[in-house]
Structures are given as structure tokens and as C-alpha cells.
Amino acid sequence: MAEKDDYLLDLLVDLGFTDADTVAKAREEAHAAGVGVVDLLVANKVIRAGDVTQAKAAQFGAEVVHLSNLKIEDDVISIVPRDIARKYRVIPVYKNDGKVGIAIADPSDLNTLDTLTHLLHAEIDPRVASEADIEAALGKYYGGEKKSVDAGIFKDVIQELTNEHVEVKAEDGTDVAADAPLIKLVNQIIIDAFKLRASDIHLEPLEKKFRLRYRIDGMMTEVPSPPKRLQAPVIARLKIQAGMVISEHRVPQDGRIQSKVGNKLIDLRVSCLPTNHGESIVMRILDKEGLKLGLPELGFLTDDQQTFERIIALPDGILLVTGPTGSGKTTTLYSCLNFINRPDRKIITVEDPVEYVLAGINQVQVHDAVGFSFATALRAILRQAPNIVMIGEIRDITTASIAINASLTGHLVFSTLHTNDAPGAVTRLVDIGVKPFLVASSTRCLMAQRLVRKICKKCAAPYQPTDAEIRALGLKQEDLKNANVQKGRGCQNCSNTGNRGRFGIFEIFVIDDEARKLIYDQVPTNVLRARAREMGMRTLREDGIRKVLAGLTTADEVIRATTGDEA
């Protein structure tokens with residue numbers, strides 16, 4: 001390192017930024033103070049940081065770039081992922097014929113350059129920029145560091161815990177961790193998650209770390225984590241709050257926590273899972289405000305909203321919402337119930353668990369431990385003469401049969417099913433044992449959905465999709481002529497992500513007489529899907545494209561959510 005500094009100092013003298021006598025004097029002062037000679041010269045304003053940048057560039061025959069004067073296109077920035085750019089403090093400046101120009105503060109860092117060559121599968125052309133320039137560019141193009149809201153308070157709580165001894169008390173069910181700092185820490189974790197609009201809190205014990213992550217708008221985000229030594233007290237505190245057995249560390253447990261943030265009560269569904277480095281805690285934040293969304297807020301465009309409103313106004317039949325876990329199926333069904341909840345209708349739900357309490361609706365909690373299963377609950381509620389029944393999920397032939405019989409005897413039934421697309425729900429029902437003629441006669445609508453992130457309204461700006469995005473979406477340039485394609489630039493409102501909130505993209509398959517005949521004839525799913533599209537069904541990808549062209553979401557969000565779906 002000393003040899004490299006000597007060469008850099010010689011270059012600074014040769015380039016006329018300083019003189020040999022000044023450097024000699026600085027060497028003595030730096031040695032006495034235990035600091036670098038170059039750093040001392042910059043601190044004393046003998047030379048400027050820009051002079052050092054030019055000398056480094058000359059030292060390695062590299063070009064100096066002033067990032068503040070460059071406008072780097074999005075397709076260039078996307079070459080280097082955000083985490084890699086921040087980890088190695090680099091900015092991509094161009095790409096040409098397999099070569100990537102990379103701005104770096106220290107071109108002598110061969111390890112970083114070799115690593116980037118491997119990670120990017122490209123030849124690296126190093127350019128030199130000042131550290132301040134690179135830091136500013138990282139903020140401009142990749143957004144700021146993701147930090148916990150009120151990180152100062154979080155840090156203060158950690159400091160209190162560092163200064164005070166915290167111990168986990170007995171395993172007799174008494175309140176462990178009654179020390180105020182620990183309670184403040186656990187409360188702050190929940191408050192921060194709520195302020196960041198997180199849907200889940202993940203506390204994960206790793207070998208040398210107790211990792212804290214929030215799921216925000218569907219994406220996992222790591223935030224400052226508690227020290228590893230606080231792992232046991234924090235988990236014990238949460239288990240006590242959730243009503244779990246703190247002395248049991250061998251089997252999974254579930255519980256609920258009610259917490260107050262400001263004047264608002266929030267419910268958390270807590271899952272505890274034993275892992276090889278301790279118990280992992282995941283808390284789902286149940287936001288009742290999300291259930292008050294109207295159909296437009298869910299993501300329905302006008303034509304789909306009219307279709308959906310017509311379906312949920314029918315007196316009988318089954319409406320199935322399909323999609324993977326976390327795709328918003330339950331929120332959609334609850335919003336439907338709110339939409340049709342009137343004093344002249346009796347609505348009963350059967351759920352496991354009851355996640356949200358809805359005013360004016362009878363909600364039934366399944367309890368398998370005492371023999372109160374979905375099937376038992378469904379048989380009982382039909383004697384309660386409901387108009388509308390919601391079943392949390394159709395899981396087996398018993399549940400499916402009762403739901404179908406209910407729909408055939410004058411009830412409107414809502415439920416969910418785990419399938420990838422709407423027509424696939426027919427095959428799934430037949431697979432679990434429902435007769436095709438019953439599926440055909442009872443089903444009114446099958447709807448698949450996924451969630452995509454919304455463009456932040458405060459920093460949305462016009463955007464020209466890249467050729468790769470246009471090809472991936474199956475579009476042509478003429479499709480973009482009257483489009484309003486946008487992308488978020490990143491701002492404080494969206495934590496510099498360019499996105500804030502989520503909404504759905506939908507595939508709505510309305511079952512008409514022709515579709516019933518195809519179901520009755522047990523045609524393959526691909527045939528049913530092709531026919532459904534001929535009858536006007538839009539796929540998830542096609543609905544997503546409409547929302548990209550309307551400036552509601554981005555192309556990469558739709559591509560991510562509909563991978564494998566043909567446009």
C-alpha cells in the first residue's frame with residue numbers, strides 16, 4: 001500500500017498539483033498522526049479530491065469521468081444490479097460489444113474488477129471517478145439506502161440494550177424480558193414495519209446474525225438488525241405476546257398479537273418455526289383498511305369492473321379466485337363481500353384462520369383440534385339460511401362438494417383455489433373428485449390474479465421501454481404511439497424505489513353455455529384456455545400490458561409477475 005501511495009504522490013508532483021517539499025513535510029506529519037499522506041494533503045486543502053482522481057487515472061492509464069455531467073440510460077444502469085453497485089461502489093457508464101465501462105474510485109482494486117468481470121460476464125473497461133461523484137450517482141440511479149423509519153430511535157433502543165443486562169427469565173409463562181428497553185425494541189420493530197407499509201416482519205436466526213427483514217410491496221427488504229445476543233430475549237418476548245409456550249422450542253407454533261401504533265390498533269398473525277440456529281418468527285400485519293378498497297383500487301379497469309360487478313350480483317353459483325400464496329385472493333374476496341354487504345343479505349364466512357373482522361358479517365373459525373373442520377362448519381352454516389357464503393379455500397373433495405351443493409341450492413359461494421390460471425381451476429376441481437357436470441352447472445366465474453407494484457405518483461415520469469421489454473411483452477412500436485408509459489424516478493415518498501403500493505392484474509373467465517359444454521366434455525385445459533380467449537378472456541399478461549400502457553405499472557413488474565404466461 002505504501003508503494004502505491006508513493007507512486008501516486010510522485011504523479012501528483014509530476015502533474016503539478018503539489019511539490020516535493022510539501023510532500024516530504026506531509027510524510028512526517030502523516031507518520032506522526034498515523035494517517036495516509038494523500039488523505040492529509042486533501043484534508044489540509046493542499047490538493048483537491050479531483051486532483052487525486054486525475055492522478056489515479058494517470059497512474060493506470062484510465063479515463064476520468066464526471067458522473068454529475070453524464071446522463072446514463074436505464075438500460076445501462078440495469079447492467080449492474082443495485083446490491084452489486086452499492087457493495088463495490090461502482091457505476092456502469094456504457095456498454096458496447098460485450099464491454100462494460102465501469103466508473104470506480106480506485107482503479108488499482110483488481111479484486112473488484114475481476115469480480116465484476118465474473119458477475120457481469122463482460123470485459124470491464126475501468127473509468128475513474130471521485131468517491132463523492134460515485135456516492136451521488138448511487139443515490140441518483142439506484143436510490144438511497146433502505147433504512148428503518150425512525151432509525152435513530154431504533155439505534156437508541158439498541159444502545160440501551162447494549163448498556164443494560166437483559167436476561168430471559170423462567171419458563172413458567174411469566175413475562176420474560178420485562179426490561180423496558182427490550183419491550184421498546186420489539187415495539188419499535190412493529191412500528192417501523194407499519195410505517196414502512198410492510199405486510200410481513202421476518203426475524204430470522206442465522207449462524208452469526210439475527211436478521212430482520214420486512215416485506216414491502218411484495219419485496220423482501222433488509223433493515224438494521226438487533227444484535228445476535230438479543231435473539232433469545234426478542235423471540236421470547238414475541239412468543240409471550242402471541243400467547244405461545246415459551247418453553248417449547250421443538251415444534252412450530254402460531255399465535256396473534258394486537259399492537260397499537262399511534263391511535264390505531266393493528267393485528268399481527270405470528271408463526272414460529274424451529275430452525276437449526278434458533279426459532280424463526282414471521283408476523284403478518286393484517287391491515288383492515290385494505291379491505292375497504294373499492295374494485296377500482298383493487299386494479300380493475302372499467303370493463304373488467306363491470307363484468308365482475310355483474311357476476312357478484314348473481315343470486316347463486318360459485319366464483320373462484322385463483323393464484324399462488326400472497327397474490328391477494330383473500331383481499332379481493334373481502335372487498336367483494338364489503339361491496340355486496342347490505343342489511344337484506346345474510347353473509348357467512350368459513351375461514352382458517354379468521355384474519356379480519358368484518359362488520360355485519362357472520363364469520364366462523366375452523367378448529368380442527370375439536371373436530372370443527374371446514375366440512376362440519378359448512379354443513380352447519382347452510383342451516384343458518386345464508387344468501388352468500390365465503391369459504392377460505394377449497395382444499396378437498398368434501399369441501400368442494402358441499403360448496404357446489406350450496407351453489408346449486410340457491411346460494412352465492414365465494415372461494416379460493418391454488419392454480420396458475422383461470423381455466424386451470426376446472427382441471428383442479430375435477431382432479432380432486434368433483435364430477436365435470438357439477439363443475440359446469442355450478443361455476444359462474446373463474447378469476448386468476450397476481451399482484452404488481454404501482455408506479456409512485458409523486459415521482460412518475462414518461463419512460464421509453466427498452467427493445468428487450470417491448471419484445472418480452474410482445475408489443476410493436478406502433479402499440480406505444482398513444483401509450484402513457486411511465487416509470488418512477490425514486491423519491492422520499494417511495495423510499496427511492498419508484499413504486500408505492502400494489503394492485504392486481506386479472507384473468508377473468510366467465511362461464512357461458514359454450515364453456516359449460518366444453519367442461520362437460522372434459523376437454524384438456526389448453527383447449528379450454530384457447531376457447532376462453534376466443535370468447536374474450538384476457539390473459540394475465542394482456543391485462544398487465546394494458547396497465548403498463550396506461551402508466552399504472554412498469555413493464556418489468558408485469559414480466560416478473562406473469563413469467564410463463566403467453567401474451
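The values are calculated or read from the model by the stated rules, or taken from the named source; none is laboratory data. Computed from a predicted model, the values in this text were never measured in an experiment. Here the Cβ positions follow ideal geometry from the backbone for every residue, glycine too, while neighbour counts run over all protein chains shown. The accessibility values were calculated without ligands, DNA or RNA, using every heavy atom of the protein model including side chains. Shrake-Rupley method; radii C 1.70, N 1.55, O 1.52, S 1.80 Å.
Table for the structure above
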item	result
Some residue of the range 422-442 being open to solvent by less than 40 Å² (accessible area, probe 1.4 Å), modelled with pLDDT under 90, of a type in the set (Val, Ile, Thr) and outside any loop (DSSP other than H, G, I, E, B)	no
Conditions (1) open to solvent by 20 Å² or more (accessible area, probe 1.4 Å); (2) closer than 29 Å to ASN496 by Cβ; (3) in contact with a Pro (Cβ under 6 Å, 6 or more places away or on another chain); number of the one not met by ARG82	(3)
Among the residues listed as ARG269, ARG256, ARG229, the single one being farther than 30 Å from ARG560 by Cα, assigned to a strand (DSSP E or B) and of a type outside the set (A, V, I, L, M)	ARG256
Odd one out for ILE455, checked against (1) farther than 17 Å from ALA515 by Cβ; (2) touching a residue at least 40 places away in the same chain (Cβ under 8 Å); (3) under 32 Å from the mean Cα position of the chain (by Cα); (4) surrounded by fewer than 22 Cβ atoms within 10 Å (Cβ to Cβ)	(4)
Count of the range 354-366 residues which are within 30 Å of the chain's Cα centre (by Cα), open to solvent by less than 40 Å² (accessible area, probe 1.4 Å) and farther than 9 Å from ALA377 by Cβ	4
Verdict on LEU408 being touching a residue at least 12 places away in the same chain (Cβ under 8 Å), touching a helix residue (DSSP H, G or I) at 6+ places or on another chain (Cβ under 6 Å) and farther than 27 Å from GLY299 by Cβ	yes
Failed item, numbered, when GLU507 is tested on (1) over 18 Å from ASP303 (Cβ atoms); (2) touching a helix residue (DSSP H, G or I) at 6+ places or on another chain (Cβ under 8 Å); (3) surrounded by 16 or more Cβ atoms within 10 Å (Cβ to Cβ); (4) of a type outside the set (Lys, Arg)	(1)
Subset of the range 367-398 that is touching a helix residue (DSSP H, G or I) at 6+ places or on another chain (Cβ under 7 Å) and farther than 12 Å from SER415 by Cβ - its residue that is least open to solvent (accessible area, probe 1.4 Å)	ALA375
Residue check for LEU412: of a type in the set (A, V, I, L, M), open to solvent by less than 70 Å² (accessible area, probe 1.4 Å), farther than 15 Å from VAL439 by Cβ and modelled with pLDDT under 85	no
Selection count where residues are touching a residue at least 24 places away in the same chain (Cβ under 8 Å) and within 28 Å of ARG82 (Cα to Cα), scope the range 481-518	21
Every residue from the range 128-142 that is open to solvent by less than 40 Å² (accessible area, probe 1.4 Å) and more than 16 Å from GLY490 (Cα to Cα)	VAL128, ALA129, SER130, ASP133, ILE134
Options ILE235, ILE285: the member that is in a strand (DSSP E or B), in contact (Cβ under 8 Å) with a residue 40 or more places away in the chain and more than 30 Å from ARG546 (Cβ to Cβ)	ILE285
Count of the range 118-136 residues which are in a loop (DSSP other than H, G, I, E, B) and under 20 Å from ASN69 (Cα atoms)	2
Selection within the range 79-110 - more than 18 Å from GLY61 (Cα to Cα) and among the polar types (S, T, N, Q)	ASN96
Set ILE216, ILE240: member being at pLDDT 85 or above, open to solvent by 20 Å² or more (accessible area, probe 1.4 Å) and closer than 21 Å to ASN496 by Cα	ILE216
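For every residue, the table says whether it meets (1) at pLDDT 85 or above; (2) farther than 19 Å from THR539 by Cβ; (3) open to solvent by less than 60 Å² (accessible area, probe 1.4 Å).
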site: PRO274; (1), (2), (3): yes, yes, yes
site: GLU279; (1), (2), (3): yes, yes, yes
site: ASP287; (1), (2), (3): no, yes, no
site: LYS292; (1), (2), (3): no, yes, no
site: LEU298; (1), (2), (3): yes, no, yes
site: ASP304; (1), (2), (3): yes, no, yes
site: PHE308; (1), (2), (3): yes, no, yes
site: ILE312; (1), (2), (3): yes, yes, yes
site: LEU320; (1), (2), (3): yes, no, yes
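The rows are residues; the columns are (1) in contact with a Phe, Trp or Tyr (Cβ under 9 Å, 6 or more places away or on another chain); (2) in a strand (DSSP E or B); (3) not hydrophobic (A, V, I, L, M, F, W, C).
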| residue | (1), (2), (3) |
| --- | --- |
| THR22 | no, no, yes |
| LYS25 | no, no, yes |
| HIS31 | no, no, yes |
| LYS45 | no, no, yes |
| ASP51 | yes, no, yes |
| LEU116 | yes, no, no |
